[in-house]
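See structure below.
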Protein chains: 2
Amino acid sequence: MEDIRVGLVEDNMTIRTSLKQCVEMTPACSLAFAAGSVESALDVLSDFEFAGVDIILLDIGLPGMSGLEGIPHIRHKLPDVDIIMLTTYDDTERIFEALTKGARSYISKKTSLKVIMDAVTTVYRGGSYMSPSIARKLVDHLSGGKKKPNLKSLSDRQMDIVRGLANGLSYKMIASQLNISIDTVRSHIKKIYKILEVNSKIEVVNMFK
Amino acid sequence: MEDIRVGLVEDNMTIRTSLKQCVEMTPACSLAFAAGSVESALDVLSDFEFAGVDIILLDIGLPGMSGLEGIPHIRHKLPDVDIIMLTTYDDTERIFEALTKGARSYISKKTSLKVIMDAVTTVYRGGSYMSPSIARKLVDHLSGGKKKPNLKSLSDRQMDIVRGLANGLSYKMIASQLNISIDTVRSHIKKIYKILEVNSKIEVVNMFK
DNA sequence: ATGTCAATGACATGTTCATGTGGTTTTTAG
DNA sequence: CTAAAAACCACATGAACATGTCATTGACAT
């Protein structure tokens with residue numbers, strides 16, 4: 001029988017209590033700790049020999065250090081713990097920040113307790129659960145973020161130049177790489193700048209990265 | 001009562017038949033079409049006045065044009081259709097390619113028919129469903145892909161400078177933006193170069209983008 | 001055939017950058 | 001309190017870059 005040790009970091013007592021009860025009522029889970037802030041959670045985790053935590057449900061809106069700020073601290077102390085963000089905020093910025101900082105899942109607080117516990121076991125088994133609306137934001141970001149409209153109007157040769165710039169090469173290096181004169185590189189870049197309406201290498205690179 | 005019109009593109013007859021039955025047995029759904037390849041699906045979609053499709057379940061391993069290649073074609077004809085990839089492949093490359101090309105969800109074929117149909121309604125309502133293992137790969141990619149080990153050793157002020165560089169600003173512009181002398185900007189950048197072991201603006205920008 | 005356009009190249013001028021070697025003043029940590 | 005770290009500033013030099021104008025070639029379309 002698996003025993004998933006779950007930690008809670010949530011300042012709202014009402015929610016914390018119901019989560020606590022829910023964890024204790026789930027056969028596969030047991031409560032490792034319940035804290036009201038990242039600071040006190042870190043205390044619990046370091047003070048004495050700790051039994052271990054598999055999953056931490058972490059709120060974002062916490063007094064003191066925010067959940068977002070807390071992620072690296074927790075992961076530093078417990079590199080193997082899986083963090084599930086449990087929050088009312090669903091703006092793309094926060095979602096991405098949490099996930100890039102190492103959270104495994106991001107769940108809306110509106111989600112039913114049952115689904116939250118399902119997410120816990122899912123994450124414990126090496127998966128990840130996303131609320132549909134969160135998942136959609138992720139997906140939209142992927143499909144929307146990859147567009148590079150201006151770039152389409154560059155010729156093949158111009159793209160060669162851009163690739164060189166993107167790799168941090170100097171004009172001279174691009175010239176020798178493409179076996180052309182440095183003045184030709186200049187000519188190309190002048191045209192590229194006009195097409196893309198920019199006036200520095202970095203802006204060009206930014207445009208297609 | 002909502003009526004979600006579902007299209008199928010799947011060459012394996014066995015799977016296609018069971019999906020077809022499943023769609024027809026779901027009250028909220030009806031079958032818009034069932035094709036064995038992207039090519040024939042596109043035919044169906046363009047030949048005559050078509051009733052409309054809300055969701056397309058799209059296989060990747062198709063004869064002729066692959067599902068991946070098919071995504072842009074389908075979206076070109078039906079910009080508002082939501083595409084759900086339904087596939088046995090779960091490598092990160094394919095997942096990302098599908099999602100960046102505009103697929104809304106990516107589901108393993110091992111998933112039960114019930115969950116697949118749940119995903120259809122979820123997507124129809126503006127969400128996105130990911131198999132836990134797929135979601136995990138996405139998340140891992142985010143947290144793994146965004147690592148910038150060298151950058152951590154930069155001070156706040158140095159980060160201000162880096163942000164300026166990343167936005168394509170010149171030293172002069174950074175200086176006025178931060179209300180410091182251009183020589184101070186130079187000093188900072190010299191240190192940044194040493195810390196990051198690079199020697200051009202572009203390499204710095206590349207490092208944290 | 002003729003004109004447009006991409007690719008090539010040269011020359012010139014002023015600007016910005018990379019890099020060095022000095023400093024001073026805050027902040028921060030021991 | 002003191003030493004180190006971070007932030008601030010100045011001056012100097014050669015390299016790289018941004019930008020302009022002009023010219024040649026070959027491909028492709030009208």
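Tabulate in residue order the Karplus-calculated ³J(HN,Hα) for the stretch B:74-90, using 6.51 cos²θ - 1.76 cosθ + 1.60 with θ = phi - 60°, rounded to whole Hz; enter x for Gly and Pro.
Each residue's phi maps through the Karplus curve to give 5, 5, 5, 6, 10, x, 9, 6, 9, 9, 10, 7, 10, 8, 8, 7, 9 Hz.
For the stretch A:70-178, taking Cα atoms only, what is the radius of gyration to one decimal and the Dmax to the nearest whole Å?
Rg then Dmax for the stretch A:70-178, in Å: 20.7, 63.
Take the solvent-accessible surface of the protein heavy atoms, probe 1.4 Å, and return the percent of it on the protein assembly as shown that carbon and sulfur atoms account for.
Numbers: 10450 of 20460 Å².
Looking at the protein assembly as shown in its full context, I get 51 percent from C and S.
Could you work out the equivalent-ellipsoid semi-axes for the stretch B:1-70, taking the square root of 5 times each eigenvalue of the Cα gyration tensor, largest first, in whole Å? Spell out each step's value before the answer.
On the way: eigenvalues 79, 46, 16 Å².
Here the semi-axes work out to 20, 15, 9 Å.
Relative to the longest principal axis of chain B, what angle (0 to 90°, nearest 10) does the C-alpha long axis of helix B:113-124 take?
60
I want to check the label-to-label distance for B:Met65 and A:Arg163. Put each point 7 Å from Cα in the C-beta direction and report it in nm to one decimal.
2.6
So if I place +1 on the C-beta of Lys and Arg and -1 on the C-beta of Asp and Glu, and nothing else carries charge, what would the dipole magnitude of the stretch B:149-208 be about its Cα centre? I want it in debye, nearest 20.
Details: 9 positive and 5 negative charges, 16 e Å.
Using Cβ point charges on Lys, Arg, Asp and Glu, the stretch B:149-208 gives about 80 debye.
GluC sites (Glu not before Pro), restricted to the stretch B:1-107: which are DSSP loop and have at most 13 other Cβ atoms within 10 Å?
Here the GluC sites (Glu not before Pro) that fit, given the DSSP loop and packing criteria, are B:Glu2, B:Glu49.
So what is the 222 nm mean residue ellipticity for chain B from helices alone, if each DSSP H run of at least 4 adds -39500 (n - 2.57) and you divide by all residues, rounding to the nearest 500 deg cm²/dmol?
Details: 10 runs with 111 residues, N = 209.
Helices in chain B give a 222 nm mean residue ellipticity of -16000 deg cm²/dmol.
Using only the Cα atoms of the stretch B:157-209, what semi-axes does the equivalent ellipsoid have when each is the square root of 5 times a gyration tensor eigenvalue? Give whole Å, largest first.
Values: eigenvalues 56, 29, 14 Å².
Semi-axes, largest first: 17, 12, 8 Å.
Nearest 100 Å², what total accessible surface is buried between chain A and chain B (probe 1.4 Å)? Present the calculation step by step, with values, prior to reporting the outcome.
On the way: alone 11500 and 11490 Å², together 20460 Å².
Counting both chains, the buried surface is close to 2500 Å².
I'd like the FRET efficiency for B:Asp11 and B:Ile195, computed as 1/(1 + (r/R0)^6) with the beta carbon distance as r and R0 of 45 Å, rounded to 0.05. Before the final figure, lay out the partial values.
Numbers: r = 55 Å, r/R0 = 1.21.
E(calc), rounded to 0.05, equals 0.25.
Going toward the positive end of the dipole of chain B, with +1 on Lys and Arg Cβ and -1 on Asp and Glu Cβ, which of B:Gly144, B:Leu165, B:Ile55 do you reach last?
Final value for the positive-end residue is B:Leu165.
Can you quote the Å³ per residue value for the convex hull of the Cα atoms in the protein assembly as shown, rounded to an integer? Present the calculation step by step, with values, prior to reporting the outcome.
Values: hull volume 81.2 nm³, N = 418.
Dividing the Cα hull volume of the protein assembly as shown by its residues yields 194 Å³.
If you wrap a convex hull around the Cα atoms of the stretch A:117-209, how much volume per residue is inside, in Å³?
134
What are the extents of the Cα atoms of the stretch A:4-144 along their three principal axes, listed from largest to smallest and rounded to whole Å?
47, 29, 28
As a quick test, which of the pairs A:Lys137/B:Lys114; B:Lys101/B:Lys194; B:Lys114/B:Lys137 have an alpha carbon distance above 31 angstrom in this structure?
Working: A:Lys137/B:Lys114 24 Å; B:Lys101/B:Lys194 40 Å; B:Lys114/B:Lys137 23 Å.
The pairs that break the limit, which is 31 Å between Cα atoms, are B:Lys101/B:Lys194.
Please state the charge dipole magnitude for the protein assembly as shown, taken about the Cα centre, from unit charges on C-beta atoms (+1 on K and R, -1 on D and E), reported in debye and rounded to the nearest 20.
On the way: 54 positive and 50 negative charges, 403 e Å.
Dipole about the Cα centre, nearest 20: 1940 debye.
With an 8 Å Cα cut-off and a minimum separation of 6 or more residues, compute the relative contact order for chain B in percent. Could the numbers behind the result be given before it?
Working: 275 pairs, mean separation 28.4, N = 209.
Over chain B, the number comes to 14 percent.
The values are calculated or read from the model by the stated rules, or taken from the named source; none is laboratory data. The structure presented is a predicted model; accordingly, all values stated were derived computationally and were not measured. Cβ: placed from backbone, ideal geometry, glycine included. Neighbour counts: every protein chain shown. Note: accessible area is taken over every heavy atom of the protein model, side chains too, but ligands, DNA and RNA are not part of it. Shrake-Rupley method; radii C 1.70, N 1.55, O 1.52, S 1.80 Å.
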